[in-house]
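Readers should treat all values here as calculations from the given coordinates under stated rules, not as data from a laboratory. Please read all numbers here as calculations on a predicted model, not as lab measurements. Cβ: placed from backbone, ideal geometry, glycine included. Neighbour counts: every protein chain shown.
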Amino acid sequence: MSEFARRIRARYRKITKPRQVTLHGLKVLVDDPVVAANAKSFYKETYERAEIELLRATLRPGDRVIEIGAGVGLTAMVAAKIVGVENVLAFEANPAVMEVARKNASLNEMPIDFRNEILVSGEQPPATVPFHINKNFISSTTVGGRDGEADVVEVKAGSLERLLEDWKPTVLSLDIEGFEIELLGRLQGYGGVRAIVMELHDHVVGKTKADALLDQLGQHGFQQNPALVVDKTLVLERALG
């Protein structure tokens, strides 16, 4: 697919303002008020492009994927095309965006399990976590508000440790605007996880904390694959016995 063709499609979509677009062979709603502020990224086909590219390079048939920070569900659906819908479990903190993800999954006849929870780790996890909802939904975050913040809601917390034990994922996919530092930083073990696809938000949390997280993941056996890096999104892999 040429960049020129992408630009032509983007220009046409900007003029016609379609109700939905097709990305990676999947239908995605773009006229919902929740996501309309970020419609340009769908028109230009840049929405979650790095994460999707790296997931496609990482996933194998038979993998079980936990998607954390699912957004409108596109990444989860791409994963489901590879491993099957029964092997994808997706979490989105923003309840309105999660409903768009469910609509997109229904539009594509992919009954993925989307859950409105914030995954946490540690010995005494809270019952809920405050979530800052930004008018541009992709900047919504658990690590403090940004310009344009519209609301703060309390979102049910779920235990990542319990999921690792009960659901037994082999791949984690994270795009959680800096909360990866706390979520993975408190985690004591990774069960059968062989790969982590993660956008590292060092511009949000600082390079020192980001580097410390990578060092900690290295102690659990995860090493960055230098061939699988796109911008700030990277893949960490480990060999399992």
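In the chain, helical runs assigned H by DSSP with n ≥ 4 each contribute -39500 (n - 2.57); averaged across all residues and rounded to the nearest 500, the mean residue ellipticity at 222 nm is -9500 deg cm²/dmol. Once backbone amide H atoms are built at 1.01 Å from N, Ser159 has Val120 as its partners under 5 Å, excluding neighbours fewer than 5 places away on the same chain.
Once you order the gyration tensor axes a ≥ b ≥ c over the Cα atoms, which shape class does the range 1-149 get: rounded for a/c under 1.5, otherwise prolate or oblate by comparing a/b with b/c? Because a/c hits 1.5 or more and a/b fails to exceed b/c, the range 1-149 counts as oblate.
Counting charges near Lys209 (Lys, Arg +1; Asp, Glu -1) among other residues having Cβ under 15 Å from its Cβ returns a value of -4. Here the Karplus relation 6.51 cos²θ - 1.76 cosθ + 1.60, evaluated at θ = phi - 60°, turns the backbone of the range 115-131 into coupling constants of 10, 8, 9, 10, 6, 10, 9, x, 5, 10, x, x, 6, 9, 10, x, 10 Hz, with x for every Gly and Pro.
Rounded to the nearest 5, the antiparallel percentage of DSSP beta bridges internal to the range 44-157 is 50%.
Compared with the alpha-carbon gap, the fully stretched path from Lys81 to Ala57 is longer by 7.3 nm at 0.36 nm per residue. Listed by chain and number, the lysines whose alpha-carbon sits under 18 Å from that of Lys40, ignoring those within fewer than 8 places in the same chain, are Lys14, Lys17, Lys27, Lys135. The Kirkwood radius of the range 99-142, taken over pairs of alpha-carbon atoms, gives through the Stokes-Einstein law at 20 °C and 1.002 mPa s a diffusion coefficient of 167 µm² s⁻¹. Applying both filters, DSSP loop and at most 15 other Cβ atoms within 10 Å, to the GluC sites (Glu not before Pro) of the range 117-194 gives Glu123.
The fraction of all Cα pairs in the range 79-194 landing in successive 5 Å bins from 0 to the largest distance is 2, 11, 19, 23, 20, 16, 8, 2, given as whole percents. Loop-resident GluC sites (Glu not before Pro) (DSSP state other than H, G, I, E or B) in the range 12-116 with no more than 14 further Cβ atoms inside 10 Å of their Cβ: Glu109.
For a modelled paramagnetic label at Ile15, 7 Å from Cα along Cα-to-Cβ, the residues of the range 26-52 in reach, with backbone nitrogen under 17 Å, are 43-44. Residues whose amide H falls under 5 Å from that of His201, counting only those 5 or more places apart or on a different chain, are Gly178, with hydrogens built in the peptide plane.
For the range 48-237, a crude dipole built from +1 on the beta carbon of Lys and Arg and -1 on the beta carbon of Asp and Glu, taken about the Cα centre, is about 320 debye to the nearest 20.
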